[in-house]
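The values are calculated or read from the model by the stated rules, or taken from the named source; none is laboratory data. Remember, predicted model here, so these are calculated numbers, not experimental data. Note: ideal-geometry Cβ built from the backbone for every residue, glycine included; neighbour counts use all protein chains shown. All accessible areas refer to the heavy atoms of the entire protein, side chains included, with ligands and DNA or RNA removed. Shrake-Rupley method; radii C 1.70, N 1.55, O 1.52, S 1.80 Å.
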Amino acid sequence: MKKCLKIDENKFLVQGEDIWIGDDEEVPAGYTDIDLPRDSEGNQLGFYRAKLNGSEWEEGLTQEEIDAIVNAPTEPTELEKLQQENEQLKASVIELTTYTAAQEERYNQAILELSQLIAGGNV
């Protein structure tokens, strides 16, 4: 058995549409039995968009297209969103704590002044 990779009319790899055929069977139209390249450890080498050029796979995107993909802004993950929300909540707690302490100080000062007024200024 051999694996055949689906390619479109422009020779670009179509992901997820591989088929298996017998060793003696002819490779169907729209497929190739040329496997994607692998490193010395057998791991498949990656392409942003693999394109078959004769009997070899090559990168089908230009460097500008790759740079656009690599440098595209990404949406924050759920964890990053939660971390950001947590930081905002911490800042709010600190702000409220500071505000509450200032309010308490003003309240204590007002009570002291009222006590002095009630006692005729002799507290």
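Taking the stated definitions as given, is Arg49 out of contact with any helix residue (DSSP H, G or I) (no Cβ under 9 Å at 6 or more places or on another chain) and basic (Lys, Arg)?
On the way: out of contact with any helix residue (DSSP H, G or I) (no Cβ under 9 Å at 6 or more places or on another chain): no; basic (Lys, Arg): yes.
Against the criterion (out of contact with any helix residue (DSSP H, G or I) (no Cβ under 9 Å at 6 or more places or on another chain) and basic (Lys, Arg)), Arg49 does not qualify.
Being open to solvent by 90 Å² or more (accessible area, probe 1.4 Å) and of a type in the set (Ser, Thr, Tyr) is the filter here, so list the residues in segment 63-85 that pass it. Residue satisfying the conditions is Thr74 alone. For first residues located in segment 24-38 and of a type in the set (S, T, N, Q), partners that are part of a strand (DSSP E or B) and open to solvent by less than 40 Å² (accessible area, probe 1.4 Å) and lie 6+ apart or on another chain with Cβ distances below 8 Å form the pairs Thr32/Cys4; Thr32/Leu5; Thr32/Ile7; Thr32/Leu52. Scanning segment 22-62 for residues that are exposed (fewer than 14 other Cβ atoms within 10 Å of the Cβ), outside any loop (DSSP other than H, G, I, E, B) and of a type in the set (S, T, N, Q) yields Gln44, Asn53.
When segment 2-48 is filtered for residues that are closer than 25 Å to Thr62 by Cβ, touching an Asp or Glu at 6+ places or on another chain (Cβ under 7 Å) and among the hydrophobic types (A, V, I, L, M, F, W, C), the ones remaining, listed by number, are Leu5, Val14, Leu45, Phe47. Checking each residue in segment 11-21 for being closer than 17 Å to Asn53 by Cβ and either modelled with pLDDT under 95 or open to solvent by less than 50 Å² (accessible area, probe 1.4 Å) (or both) picks out Phe12, Leu13, Val14.
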